[in-house]
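Worksheet for the structure shown next.
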């Protein structure tokens with residue numbers, strides 16, 4: 001049995017370190033907007049109807065880095081998989097999480113023979129360009145119109161105040177998405193076994209929190 005690695009630089013610690021510099025950079029007014037957004041999301045909680053552990057992973061068309069369409073079932077090819085849904089390359093918390101997963105999960109994925117893919121509603125060229133600039137080497141796929149995320153029940157839309165705040169920072173959420181809407185997934189990690197059965201689904205309403213690597217590894221070990 002694989003010994004569980006000890007990770008000391010957790011995503012939560014990295015977010016705590018990032019948050020103060022981010023708030024200082026954007027200023028108190030915008031920081032307050034994002035704080036209210038996060039509080040509203042926490043208060044509302046997860047929507048009803050999210051797919052549960054033990055259910056089958058729904059199939060859907062995704063688009064690869066070259067814009068080619070393929071079914072998720074073909075991409076996974078009957079292998080166990082870690083599927084990371086992220087909001088977009090514009091989200092700094094997504095970048096923290098993806099960099100952590102790349103660093104800590106790639107050796108584990110090689111050991112288990114598991115797929116590791118990341119999915120967002122962003123246009124493929126936008127996502128890939130941002131990933132390369134950030135030093136990410138993930139298998140990235142675009143979920144046009146959040147088709148797959150909708151079937152999992154993990155789609156949300158930022159409120160108008162938060163959208164205006166991001167626009168003030170030069171972030172065009174709708175403009176970067178394939179369907180030109182502002183709909184995005186809740187940050188979610190899904191672990192499926194080789195039969196396509198969901199063994200872990202962890203959706204986060206507060207986008208500043210993420211699934212820690214150790215919890216993903218625990219789900220893999222339990223397969």
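Every read-out reported here was derived from the displayed coordinates using simple, explicitly stated rules and does not represent laboratory data. What you see is a predicted model, and the numbers here were worked out from it, not measured in a lab. With ideal geometry, Cβ positions are generated from the backbone for all residues, glycine too; neighbour counts draw on all protein chains shown.
Roughly how far apart, in whole Å, are the Cα centres of segment 86-149 and segment 9-27?
20
Counting other beta carbons within 10 Å of each residue's own, what order do 126, 181 fall into, fewest first?
Fewest-to-most Cβ neighbours within 10 Å comes out as 181, 126.
Which whole number of Å³ per residue matches the convex hull of the alpha-carbon atoms in segment 44-141?
Dividing the Cα hull volume of segment 44-141 by its residues yields 126 Å³.
Give me 201, 96 ranked fewest to most by other Cβ atoms within 10 Å of their Cβ, as a rough exposure proxy.
96, 201
Please order 195, 156, 10 by the number of other Cβ within 10 Å, starting at the fewest.
In increasing order of surrounding Cβ atoms, one gets 195, 10, 156.
Only Cα pairs under 8 Å and at least 6 apart count here; give the relative contact order of segment 11-221 as a rounded whole percent.
Normalised by residue count, the contact order of segment 11-221 is 30 percent.
Give the relative contact order (percent, whole number) for segment 71-163; include only Cα pairs under 8 Å separated by 6+ residues.
28
To check you understand DSSP bridge types, tell me what percent of the beta bridges within the chain (both residues inside) are antiparallel, rounded to 5.
Here the share of antiparallel DSSP bridges comes out near 65 percent.
Rounded to the nearest 5, what is the percent of antiparallel bridges among the DSSP beta bridges in segment 50-134?
40
Translational diffusion coefficient, Stokes-Einstein: compute it for segment 159-211 using the Kirkwood radius over C-alpha pairs as Rh, at 37 °C and 0.692 mPa s, and state it as an integer in µm² s⁻¹.
Rounded to a whole number, D works out at 247 µm²/s.
For the chain, what ratio Rg/Rh do Cα atoms give with a Kirkwood hydrodynamic radius?
0.94
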